[in-house]
Amino acid sequence: MQRLFTGIQASGALHVGNYFGALKPFVELARENDSMLMVADYHALTSLRDPAAVRTNIINVTKDYLAVGIDPAQAIIFKQSDVPEHTELSWIFQCLVTVPFLQQAHAFKDKVAKGLEANAGLFAYPMLMAADILLYDTDVVPVGADQRQHLEYAREAAAKFNNAYGQTFKEPKEKILEMIATVPGTDGKKMSKSYGNTIPLFGTKDEIAKAVMSIVTDSGSDKPENVFAIHQLFKTESELAALYEEHKGKYKNLKEALIEDIDSLVAPMREIRNAIAESDVEQVLKEGGARARSRASEKMKDVRAKVGVTI
Ligand code: TYM
């Protein structure tokens, strides 16, 4: 049995990319492993300054976790801010890595390149993520390809600490499924909240239809590449070959088929989700937070002693 850990920022509604990149692989592995699933609410503060939205996002992401089939009796579902050891360990890692090292992080570089103001939280973001993962002696982290660099940063933080203070942290591995490493959005670029090109995972059928109808199809060929790229997540190669042959050049028909395929995956999960009350979410997070905290506080006892702050 391995320790599995992943997280999603509480920064907006989850999309199809989050589902295929992180949640689906997590659900598949969660049953046979010791699994932890976190709502990254402190990470969301790097981009969100609206307290009501943060709260709503925490509730919604937790509902999404439950709706896709994570059993809270088995996996630990919790939110980052309920376990203050995450921010504590992140500080210790920040004291071990250099500024030039953090300056290489994609999220930080992208913001600077766009001329946007990057806050210090965004700069230190990879060290909070390293703390999330390393606190629990994680073996495997199911994520999309965009998180590959963050896993390298986590391993580097572990190695730096182990070098300085003796063996303490395991070096975790990412699990990125090659076929769905980067789910494309409606414009063919990586599906991302910040690009406004998402298909919402738990949108209504109308919302899903609106997003699918907006998929850019100016490829000029018989096969609308952007539609096909998303469709691959929902149907097998042979099913798609037949469908795209039958509707050659008929973009609207193919989009309608995609809407149906997305909806038939989502509909049962949407039903489960609609039955989840806010009080259920509160209970799940309370219990998960206590379980996570007891693991984290054990680990931090060792870490504090090693860095010398325990007297
Ligand atoms: P976030 O919130 O941006 O995304 C959550 C997960 O969804 C995956 N993902 C995608 N996968 C495939 N195609 C896409 N278009 C796509 N868009 C998003 C991401 O790769 C990710 O797995 N830093 C993390 C959150 C985090 C975390 C952690 C993850 C905080 N602490 C500890 C793992 C372990 C993030 O911003 O993910």
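For the reader, a short list of remarks on this structure follows.
- Across the range 193-273, the relative contact order, built from alpha-carbon pairs under 8 Å that are at least six residues apart, equals 33 percent.
- FRET efficiency for the ASN162 to GLU32 pair, using the beta carbon distance and R₀ = 30 Å, is estimated at 0.60.
- Contact order, relative form, for the range 1-103: 33 percent (alpha carbon pairs under 8 Å, 6 or more residues apart, mean separation divided by residue count).
- The alpha carbons of the range 193-273 give a radius of gyration and a Dmax of 12.8, 40 Å, in that order.
- Among residues other than THR198 with Cβ under 12 Å from its Cβ, the summed charge is +2 (Lys and Arg +1, Asp and Glu -1).
- Take the Cα of HIS106, step 7 Å toward its Cβ, do the same at GLU171, and the gap between the two points is 2.1 nm.
- Exposure rule at most 13 other beta-carbon atoms within 10 Å, DSSP loop trypsin sites (Lys or Arg not before Pro): the chain longest free segment: 115-188
- Local net charge near VAL216, Cβ-Cβ under 10 Å (Lys/Arg +1, Asp/Glu -1): -2
- Sequence of LEU122, LEU45, LEU177 from largest to smallest accessible area, 1.4 Å probe: LEU45, LEU177, LEU122
- Given charges at beta-carbon only (K, R positive; D, E negative), |dipole| of the range 106-257 in Debye: 280 debye
- Mean residue ellipticity (222 nm) of the chain, computed from DSSP H runs ≥ 4 via -39,500 (n - 2.57), nearest 500: -16500 deg cm²/dmol
- Solvent-accessible area of ASP41 with every protein chain in place, 1.4 Å probe, in Å² to the nearest 10: 10 Å²
- Theoretical FRET efficiency, 1/(1+(r/R0)^6), r = Cβ-Cβ of THR310 and ASP222, R0 45 Å, to 0.05: 0.10
- Cut-off under 5 Å, modelled amide H: who pairs with SER192 long-range: ASN197, THR198
- Once backbone amide H atoms are built at 1.01 Å from N, LEU96 has no partners under 5 Å, excluding neighbours fewer than 5 places away on the same chain.
- Solvent exposure of the chain, expressed per residue, is 47 Å² of accessible area, with all protein chains present and a 1.4 angstrom probe.
- Amide proton proximity set for SER35, modelled H, under 5 Å, gap of 5+: LEU4, ILE76
- Ligands, DNA and RNA aside, HIS106 has an accessible area near 100 Å² when probed at 1.4 Å.
- Lys/Arg +1, Asp/Glu -1 at C-beta; the range 193-273 dipole; positive extreme among LEU258, ILE215, LEU243: ILE215
- Neighbour net charge for THR138 - beta-carbon separation under 10 angstrom, K R +1, D E -1: -2
- Checking the cross-link pairs LYS111/LYS235; LYS111/LYS301; LYS79/LYS301; LYS114/LYS175; LYS189/LYS286; LYS193/LYS255 against a 26 Å limit on the alpha carbon distance flags LYS111/LYS235; LYS111/LYS301; LYS114/LYS175; LYS189/LYS286 as lying beyond it.
- Efficiency of FRET from Cβ geometry, ASN253 and ALA120, R₀ 41 Å, rounded to 0.05: 0.20
- The GluC sites (Glu not before Pro) found in the range 5-101 that occupy coil by DSSP, while having at most 15 further C-beta atoms within 10 Å, are GLU32.
- Cα-derived Rg to Rh of the chain, Kirkwood definition: 1.00
- Charging the Cβ of each Asp and Glu at -1 and of each Lys and Arg at +1, and nothing else, the dipole of the range 193-273 about its Cα centre rounds to 280 debye.
The values are calculated or read from the model by the stated rules, or taken from the named source; none is laboratory data. The structure displayed is predicted, hence computed values, not measured ones. Counting neighbours? That spans all protein chains shown, and the Cβs are built from the backbone with ideal geometry, glycine included. SASA here: full protein model, heavy atoms, side chains in, ligands and nucleic acids out. Shrake-Rupley method; radii C 1.70, N 1.55, O 1.52, S 1.80 Å.
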